[in-house]
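To start, the structure under review is shown below, and the notes come after it.
The values are calculated or read from the model by the stated rules, or taken from the named source; none is laboratory data. Keep in mind that this is a model prediction, so the values were computed, not measured. In this analysis, Cβ positions are derived from the backbone assuming ideal geometry, glycine residues included, and neighbour counts consider all displayed protein chains.
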Amino acid sequence: MSAQENKGGAATYIKDNLVFCISLAITVAVVVWALAAGDSFVATINGVMSALTGSFDWLYLWGATFLIVFSLAIAISPYGKTKMGRDDEKPAKSTLEWFAMLFSAGMGVGLIFWGVAEPLSHYLSPMSGIEPMTEEAMRFSLRSCFMHWGLHPWALYSVVGMALGYFAFRLGKKSLISSTLEPVIGKQSKGAIGIIVDIYVAILTVMGVATSFGMGCIQISTGLNYLFGVPSTVYVLAIIVGLTCVVYTWSVVSGIDRGMQLLSNGTMLLCAVLMILVFVLGPSIDIVRGTLVGIGDFLVNFLQDSVRLAADDGDKSWILGWRVFYWAWWLSWSPFVGIFLARISRGRTIREFVLGSIIAPTIMGILWFGIFGGAAFSAADGMTADQISTVVGSPETSPFVVFGQFPIGIVLSIIALVVLFGFFVTSANSATYVLSMLTSRGDINPPMVKKVFWGVLLAFVAFAFMMSGGVSGIQTIAIIISFPFFFIIIVMAICMVLAIHKEHKQGLSPETAEPVKEEVPA
């Protein structure tokens, strides 16, 4: 082959894979910056982070609340009967299988990581005006956990998922964020603006998932060290990263309807077993009482807590450090989780999708923090403030410390590690699939080569940041990069309403997509 032909082949490949090439180049550049100039990297992103959260706290709070109202409003409206697919199409998965997959992908890792540490943190350091380590602090803690892991994050995911599901599976558009913007930006959805949006979403997905990858590996490593004395060395971390990479890459290559479903079903089963054991072996009556009181506090204070801005410096610090941080963090996950939810929800109505992807996971989150928070409060009864502070300061080991006070603590800890690994793998699995799809022009069955490539790259990026001490830095940069996505989500919501209204008003017969072909192991 001549040099000219080689040049032409490379140029053609780059043109056909523009989103893939540019998102890869930018990801590598960020990793190199963090590794080569760590101090500059951290200083820059921390400065931007402070400016964003300090100046736009109102946008995060009000914006996330608006998306809850929007999701529920469209679900109960006549538009809620519209299917994310053809009118005669049926869901490919049972409700339980569907829920297991969406919940595992959405926030599984964080529940293990923060299930004990966050309730104790709010109990020890609540907002100003609440005395620490009191009944009032306990109630404040639970209602805050219910808020942070409930309606708001799932509304972010839901709007992305229902918009993409409607445009892709009912109108036959590409499974890309850019495709959902067509009613507003027109032909530019397939032009420069659309390409920029898809590149941006791919980069955001890498950054958001790499952090959770790092956090999960660190917790598995510290858990093994705490329980069995396995040294927390670079080599152990490398083995954990490598093993996890092999498992989730295998599952995504096996097909989303096989590997991912098997992993999510098994993980959710173990998750239920863990919750039941902690409830039965723990202070059951106190857990029931605390959860019911927490639900009441959560509902009564929901609107106020959702839009509450800081009244003083103490409140501002807490709101920025927890609530605004969480909304920004969930925003960084919303593109890939929303896209994944759309992919597994074809054939469901918008009403089914919203209720299943917002209400059901919120109930699960309430049960989780009610049980684990109750167990944590019980364990804290015999601790001083300094001891609780030590537990909170190491969230990766906090579940194992609390489980150590149970009769079969070692069994609970082992189950927790397995659940953590399962949630970790399913999140990385869904992210790998979404990245492969985004960089394959929205192909819902992307090439195996890209699945393997993104699976390995995610592991490499996470490991590189762990080695540079930059996991917290990459978490911050993911939050910074996610800020513009708030505006994209709002436009997506507007575009979906415009498209559905047009369909209903004109009685159009949608140009539906072809049925999804069953994925087969490569």
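Is at least one residue of the stretch 70-82 at pLDDT 90 or above, in contact with a strand residue (DSSP E or B) (Cβ under 9 Å, 6 or more places away or on another chain) and more than 24 Å from Ser306 (Cβ to Cβ)? Scanning the stretch 70-82 turns up at least one residue that is at pLDDT 90 or above, in contact with a strand residue (DSSP E or B) (Cβ under 9 Å, 6 or more places away or on another chain) and more than 24 Å from Ser306 (Cβ to Cβ).
For the stretch 40-53, a residue qualifies if it is surrounded by 12 or more Cβ atoms within 10 Å (Cβ to Cβ) and under 13 Å from Ala328 (Cβ atoms), and the qualifying residues are Ile45, Val48, Met49, Ser50, Leu52, Thr53. Residues in the stretch 389-411 that are free of Cβ contacts under 8 Å to residues at least 60 places away in the same chain, closer than 22 Å to Pro126 by Cα and not small (Gly, Ala, Ser): 1 in all.
When Leu102 is tested against the conditions (1) assigned to a helix (DSSP H, G or I); (2) of a type in the set (A, V, I, L, M, F, W, C); (3) surrounded by fewer than 22 Cβ atoms within 10 Å (Cβ to Cβ); (4) touching a Leu at 6+ places or on another chain (Cβ under 7 Å), the lone failure is (3).
Note on the stretch 391-424: among residues that are more than 27 Å from the chain's Cα centre (by Cα) and assigned to a helix (DSSP H, G or I), the one that is surrounded by the most Cβ atoms within 10 Å (Cβ to Cβ) is Gly409.
Restricting to the stretch 340-379, and then to whatever is in contact with a Pro (Cβ under 8 Å, 6 or more places away or on another chain) and of a type in the set (S, T, N, Q), can you tell me which residue is surrounded by the fewest Cβ atoms within 10 Å (Cβ to Cβ)? The qualifying residue surrounded by the fewest Cβ atoms within 10 Å (Cβ to Cβ) is Ser378.
From the list Val307, Val337, the lone residue that is touching a helix residue (DSSP H, G or I) at 6+ places or on another chain (Cβ under 6 Å), surrounded by fewer than 18 Cβ atoms within 10 Å (Cβ to Cβ) and modelled with pLDDT under 95 is Val307.
In the set (1) touching a helix residue (DSSP H, G or I) at 6+ places or on another chain (Cβ under 8 Å); (2) closer than 30 Å to Ser436 by Cα, Met147 fails one condition alone, (2). Among the conditions (1) surrounded by fewer than 24 Cβ atoms within 10 Å (Cβ to Cβ); (2) assigned to a helix (DSSP H, G or I); (3) of a type in the set (A, V, I, L, M, F, W, C); (4) in contact (Cβ under 8 Å) with a residue 60 or more places away in the chain, Leu171 misses just one, which is (2).
Cβ-Cβ contacts under 6 Å between residues 6 or more apart (or on different chains), taken from a first residue in the stretch 479-506 that is assigned to a helix (DSSP H, G or I) to a second residue that is polar (S, T, N, Q), are listed as Ile479/Ser332; Ser482/Ser332; Met492/Thr180; Cys495/Thr180; Ile500/Thr82.
When you go through Val184, Val159 one by one, which is the residue that is part of a helix (DSSP H, G or I) and either closer than 18 Å to Arg308 by Cα or under 21 Å from the mean Cα position of the chain (by Cα) (or both)? Spell out the reasoning first.
Working: Val184 fails: either closer than 18 Å to Arg308 by Cα or under 21 Å from the mean Cα position of the chain (by Cα) (or both).
Answer to the check: Val159.
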